[in-house]
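A.B. asks: Have a look at this one before I ask anything.
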Amino acid sequence: MLNNITLGQYYPVDSLVHRLDPRIKIVLTIVTLVAVFLVGTLAGYALILAFCLLVARLSNVPVRMLLKGIKPLRFILILTFFLNLFFTSGTELVHVGFVIITREGLRQAIHFSLRLVFLVMTTSLMTLTTSPIQLSDGMEMLFSPLKVIHFPAHELAMMMSIALRFIPTLMEETDKIMKAQKARGADFESGNLIQRAKSMIPLLVPLFVSAFRRAGDLALAMESRCYHGGEHRTRLRVLRITRMDYLACVAVAVLLALVILESRFIPKGLIL
Amino acid sequence: MSIELKHVNYVYSQGTAFQHTALQDVSLKIQDHEFVALVGHTGCGKSTLVQHLNGLLKPTSGQVLINGEDIHGEHTNRKALRQRVGLVFQYPEYQLFEESVEKDIAFGPKNMGLPEDEIHRRVIAAMEMVHLDPARLAAVNPFELSGGQMRRVAIAGILAMQPEILVMDEPAAGLDPQGRDAILGIIRDLHQTGTTIIMVSHAMDDIADLATRIVVMNHGQIAMDGTPREVFCRADVMREAGLEITEAARLAGTLRERGLPVPEDIYTQEEIRDAILRLWKEKVHAQ
Amino acid sequence: MKTERIRTEQVGFTYEEAKHPVLEDVSLKIHEGEFVAILGHNGSGKSTLAKLLNALYLPEKGDVFVCDMNTRDDQHLWDIRRNAGMIFQNPDNQIVATVVREDVAFGLENLGVEHDEMVRRVDEALNSVGMTDYADASPHTLSGGQKQRVAIAGVLAMEPRIIIADESTSMLDPLGRAEVMNTVRGLNRDKGISVVWITHYMEEAAMADRVIVVSDGKIELEGTPRQVFQQVDKLRKLHLDVPHMTALAAELREQGIPISDQVLTVDEMAEEVLRLVCPSN
């Protein structure tokens, strides 16, 4: 019954973007974010938007999925917009009663809100096209040079992987325990906040007990299959950088170059 | 107290790509003092059916009636009905959570809003029913008990609510022969003292020993419904539902096929033993 | 004489907080290609014994040898665990990865097996347990029996000489139990892998080459299933089941019918009855 849960945002289809190496995707996402912050005028945002739409198109992810990521942020967006609009000093544009809108305020409001939108859009593009397990793989590889300073890159990735493996199992278990306690007259729905928090104890205690038992079992099973940390370990899933990855790097480099040119040569204030 | 299912259908995740019909037009009436065994292979709909019996699941269509009253009716007090139908899930020891055996068993009665002294009385009575010594074990942390004991604590937690119908999903699963016999003995006693029992099980020999009626499920439907004698002589229907019959019934069938005059409705060890003895005596007489 | 795979010499073991030892003076041998069932009730010490057989625990007294390597010898730890692969009770709690194929590869990754060889062994192991079609599935979508087969494949990929199954069927339904039992039986027969099958199900022990009955940390009975199961009274005293047909034979003998005490299965019983009551005999 819980076969249909998808974790995080991952949109499981096949595409050129999905097949990119996760390490490359993480790095390119960061570069794109830098580009977003370098943008000087609306023309720059138009560039970024075009790029995002292009990637979305190539990734077979519907644009509405991209917009879905922005939806929860709408209040913060509106707040950012109006705070900047009303509380930035500079050349007055409009003055109605106690409301003063300045040229700088308008510019800042638009810039900050758009940055926020693209920030979410770019990272969404990555998480929509990269499964959590690939993400953790990519992170592990990217952070592995830090192992020399004892950064636990492998351990973190292993934890991530085990967590992903056990989330569906524990969800099923939660459902089962909840039903069992309901059969004993437990009430998880009514009462005030404190009562409701208290009513969670019969659910949480068995869940924790079970999680610890599973952890103990799993540790034994891993040991019996010769697990001894990340050293001298090989991987079934190997990450290979392909021609598509190079192409993607070039595309993002071009985007970055264009944005830098735009921020240098189009004077600020011309198109905002 | 009777429990009745009328044309119950249940569909999981309706309207999604994962839609799956778990129960299809199931009608079933269980009377007072019956001991019904619910059998079928995994995924046949037994567990879904069981969860309908005390209103944990609501049928997609159809009705569940307790003493003629619709469990999902507008004016039904579902909480009160739930107390009259006790449901023991598979591996019930995994739902223990209190720091002492007594407190854990008291959880159900407490939720019913009973007075303290009544709760205490019920806890003691429930512990005795599952053969746990109240004087020795009431204050013990349930997590320190053995697996079989923990399961009995969990069952006592339901018994303390004094249900008239007890529904159990594989109460002996995972226990060794001793633990299994202890649990089945408790269930037999409960039945004899008047509780209606509905038990899901895979162990045909346990069922042959205990049940007064067997309901066979297959593909979300009732494939057969009858006394153990009626059900165990239908090896064909059972096999189709992915189930075995008792070894005694199998032996009787094999002997009959080989031309020996063995009665058709044999399913217990005693019956087949007596049949073989009879054959033997006839042969000795003939010689 | 066949090669010895496992040998325990007067092994004793006590858990830290316990007063009494769980195992006392256990000596046994498992040979190449043998299928040995260890039968005992809960708390008999059989699971502890299993964990001693691949160095998850070390004996308090005595020694355990796996393919002639002492489990006390740190140097051989990974070799011992690779050679004596273990399958546990709970199907959920021994699968590490989010994809079946990757879980099967887990042991090989730990051993540092090179990539192409790893792919070959994973495919072969999945094929041997009949799970090739599920290579890319998520473990949580599988049935209990299928999960156990994945666990077996994970062990098999390490090319072990012995498989130790610690109550690996006790959480499964009858179909799942048969599925797992048949898989392991097949590996024993076709690949000559020795099997130590720990269980409290008499029916499963009846299918072994040899049965060792453990109670209170000691070996109580040992022999072929027929030799062991004909001791009906002793088994009952040890709180173990007796095969129905063996028990029936014992009852019939009590009534004066000269029926063999070697009967285990329905078919054997039918033959015996026919032999005794058919007029032609």
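A.B. asks: Please go through segment C:173-199 and pick out each residue that is acidic (Asp, Glu) and either part of a helix (DSSP H, G or I) or crowded, with 23+ Cβ neighbours inside 10 Å (or both).
C.D. replies: C:GLU179, C:ASP190
A.B. asks: Among the residues of segment C:226-257, count how many are open to solvent by less than 80 Å² (accessible area, probe 1.4 Å) and either touching a Ser or Thr at 6+ places or on another chain (Cβ under 9 Å) or within 11 Å of chain B (Cβ to nearest Cβ) (or both).
C.D. replies: 20
A.B. asks: Out of C:VAL129, C:VAL155, C:VAL184, which single residue is touching a Lys or Arg at 6+ places or on another chain (Cβ under 8 Å) and more than 9 Å from every other protein chain (Cβ to nearest Cβ)?
C.D. replies: Every option except C:VAL129 fails the conditions.
A.B. asks: In segment B:139-153, which residues are open to solvent by less than 10 Å² (accessible area, probe 1.4 Å) and either hydrophobic (A, V, I, L, M, F, W, C) or closer than 26 Å to B:GLY43 by Cα (or both)?
C.D. replies: Passing the criteria: B:ARG151, B:VAL153.
A.B. asks: With B:HIS33, B:HIS52, B:HIS75 as the choices, which residue is assigned by TED's automatic domain parsing to the domain that holds B:GLN221, at pLDDT below 95 and closer than 30 Å to C:LEU142 by Cβ?
C.D. replies: That would be B:HIS52, the only listed residue that is assigned by TED's automatic domain parsing to the domain that holds B:GLN221, at pLDDT below 95 and closer than 30 Å to C:LEU142 by Cβ.
A.B. asks: How about segment C:150-172: which of its residues are over 23 Å from C:THR48 (Cα atoms) and open to solvent by 30 Å² or more (accessible area, probe 1.4 Å)?
C.D. replies: Residue satisfying the conditions is C:GLU159 alone.
A.B. asks: Starting from residues that are more than 7 Å from chain A (Cβ to nearest Cβ) and over 16 Å from A:ASP217 (Cα atoms), keep the ones in segment C:91-100 and report whichever is surrounded by the most Cβ atoms within 10 Å (Cβ to Cβ).
C.D. replies: Once the filter is applied, the top-ranked residue is C:VAL100.
A.B. asks: Separate question: Out of (1) within 11 Å of another protein chain (Cβ to nearest Cβ); (2) hydrophobic (A, V, I, L, M, F, W, C); (3) open to solvent by 20 Å² or more (accessible area, probe 1.4 Å), the odd one out for C:ILE219 is which?
C.D. replies: Going through (1) within 11 Å of another protein chain (Cβ to nearest Cβ); (2) hydrophobic (A, V, I, L, M, F, W, C); (3) open to solvent by 20 Å² or more (accessible area, probe 1.4 Å) one by one, C:ILE219 breaks only (1).
A.B. asks: Looking only at segment B:103-138, how many residues end up being out of contact with any Pro (no Cβ under 6 Å at 6 or more places or on another chain), open to solvent by less than 10 Å² (accessible area, probe 1.4 Å) and more than 17 Å from B:GLN83 (Cα to Cα)?
C.D. replies: Residues meeting the conditions: 2.
A.B. asks: Still on this structure, I have one more. Any chance segment A:125-137 includes a residue that's at pLDDT 90 or above and open to solvent by 50 Å² or more (accessible area, probe 1.4 Å)?
C.D. replies: no
A.B. asks: Restricting to segment B:173-211, name every residue that is closer than 21 Å to B:GLY147 by Cα and not in a helix (DSSP H, G or I).
C.D. replies: Residues satisfying the conditions are B:ALA173, B:GLY174, B:LEU175, B:ASP176, B:MET199, B:VAL200, B:SER201, B:HIS202, B:ALA203.
A.B. asks: Right, here's the next one. Does segment B:158-181 hold any residues that are within 11 Å of another protein chain (Cβ to nearest Cβ) and open to solvent by 40 Å² or more (accessible area, probe 1.4 Å), and which are they?
C.D. replies: The answer is B:GLN178, B:ARG180, B:ASP181.
A.B. asks: Tell me which residues, restricted to segment A:178-192, are among the hydrophobic types (A, V, I, L, M, F, W, C) and within 7 Å of chain B (Cβ to nearest Cβ).
C.D. replies: A:ALA180, A:ALA183, A:ALA186
A.B. asks: Somewhere in segment C:26-42, is a residue within 14 Å of another protein chain (Cβ to nearest Cβ), out of contact with any helix residue (DSSP H, G or I) (no Cβ under 8 Å at 6 or more places or on another chain) and part of a loop (DSSP other than H, G, I, E, B)?
C.D. replies: no
A.B. asks: In segment B:60-82, what residues are surrounded by fewer than 21 Cβ atoms within 10 Å (Cβ to Cβ) and touching a residue at least 40 places away in the same chain (Cβ under 8 Å)?
C.D. replies: Listed by number, the residues that qualify are B:THR60, B:SER61, B:GLY62, B:GLN63, B:LEU65, B:ASN67, B:GLY68.
A.B. asks: Do we have A:ALA186 as assigned to a helix (DSSP H, G or I), under 25 Å from B:SER47 (Cα atoms) and open to solvent by less than 60 Å² (accessible area, probe 1.4 Å) here?
C.D. replies: no
Per-residue answers, yes or no, for (1) over 26 Å from A:ALA163 (Cα atoms); (2) assigned to a strand (DSSP E or B); (3) not aliphatic (A, V, I, L, M):
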| position | (1), (2), (3) |
| --- | --- |
| A:ARG23 | no, no, yes |
| A:VAL27 | no, no, no |
| A:THR32 | yes, no, yes |
| A:ALA43 | yes, no, no |
| A:VAL55 | yes, no, no |
| A:ILE76 | yes, no, no |
| A:GLU104 | yes, no, yes |
| A:LEU114 | yes, no, no |
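A.B. asks: Just give me the residues in segment A:208-240 being more than 8 Å from chain C (Cβ to nearest Cβ), in contact (Cβ under 8 Å) with a residue 12 or more places away in the chain and more than 28 Å from the chain's Cα centre (by Cα), in sequence order.
C.D. replies: The answer is A:SER210, and nothing else.
A.B. asks: Same structure again: Considering each of C:MET202, C:MET207 in turn, give the residue that is hydrophobic (A, V, I, L, M, F, W, C), open to solvent by 80 Å² or more (accessible area, probe 1.4 Å) and over 30 Å from B:LYS283 (Cα atoms).
C.D. replies: Going through C:MET202, C:MET207 in turn, the sole match is C:MET207.
A.B. asks: Sticking with this one: Could you tell me which residue of segment C:57-90 is farthest from A:ARG235 (Cα to Cα), considering only residues that are surrounded by fewer than 23 Cβ atoms within 10 Å (Cβ to Cβ), under 17 Å from the mean Cα position of the chain (by Cα) and more than 7 Å from chain A (Cβ to nearest Cβ)?
C.D. replies: C:GLN89
A.B. asks: Another question, then. State the number of residues belonging to segment A:164-177 that are under 20 Å from B:PHE97 (Cα atoms) and within 11 Å of another protein chain (Cβ to nearest Cβ).
C.D. replies: The number of residues fulfilling the criteria is 8.
A.B. asks: With the checklist (1) open to solvent by 100 Å² or more (accessible area, probe 1.4 Å); (2) more than 30 Å from A:SER131 (Cβ to Cβ); (3) at pLDDT 85 or above in hand, flag the one item A:ARG57 doesn't pass.
C.D. replies: Result: A:ARG57 fails condition (2) only.
Every residue, every condition in (1) of a type in the set (Ser, Thr, Tyr); (2) crowded, with 22+ Cβ neighbours inside 10 Å; (3) away from chain C (no Cβ under 14 Å), yes or no:
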position: B:HIS191; (1), (2), (3): no, no, yes
position: B:MET204; (1), (2), (3): no, yes, no
position: B:THR212; (1), (2), (3): yes, no, yes
position: B:CYS233; (1), (2), (3): no, no, yes
position: B:ALA249; (1), (2), (3): no, yes, no
position: B:GLY253; (1), (2), (3): no, no, no
position: B:GLU264; (1), (2), (3): no, no, yes
position: B:GLU271; (1), (2), (3): no, no, no
position: B:HIS285; (1), (2), (3): no, no, no
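A.B. asks: Now for a different question. Which of the residues spanning segment B:229-243 are in contact (Cβ under 8 Å) with a residue 40 or more places away in the chain and touching a helix residue (DSSP H, G or I) at 6+ places or on another chain (Cβ under 9 Å)? It would help to see each step written out before you state the result.
C.D. replies: Applying the first criterion (in contact (Cβ under 8 Å) with a residue 40 or more places away in the chain) to segment B:229-243 yields B:241-243.
Residues satisfying the conditions are B:GLY242, B:LEU243.
A.B. asks: Could I ask something else about it? Could we say that B:GLY242 is within 14 Å of chain C (Cβ to nearest Cβ), farther than 27 Å from B:LEU96 by Cα and surrounded by fewer than 20 Cβ atoms within 10 Å (Cβ to Cβ) here?
C.D. replies: Yes.
A.B. asks: Just give me the residues in segment C:110-140 being surrounded by fewer than 22 Cβ atoms within 10 Å (Cβ to Cβ) and under 22 Å from A:ALA215 (Cβ atoms), in sequence order.
C.D. replies: C:SER138, C:HIS140 - these are the residues of segment C:110-140 that are surrounded by fewer than 22 Cβ atoms within 10 Å (Cβ to Cβ) and under 22 Å from A:ALA215 (Cβ atoms).
The values are calculated or read from the model by the stated rules, or taken from the named source; none is laboratory data. Predicted, not measured: the structure shown is a model, and the values here were computed from it. All Cβ positions, glycine included, derive from the backbone under ideal geometry; neighbour counts span all protein chains shown. For accessibility, only protein heavy atoms count, side chains too; no ligands or nucleic acids. Shrake-Rupley method; radii C 1.70, N 1.55, O 1.52, S 1.80 Å.
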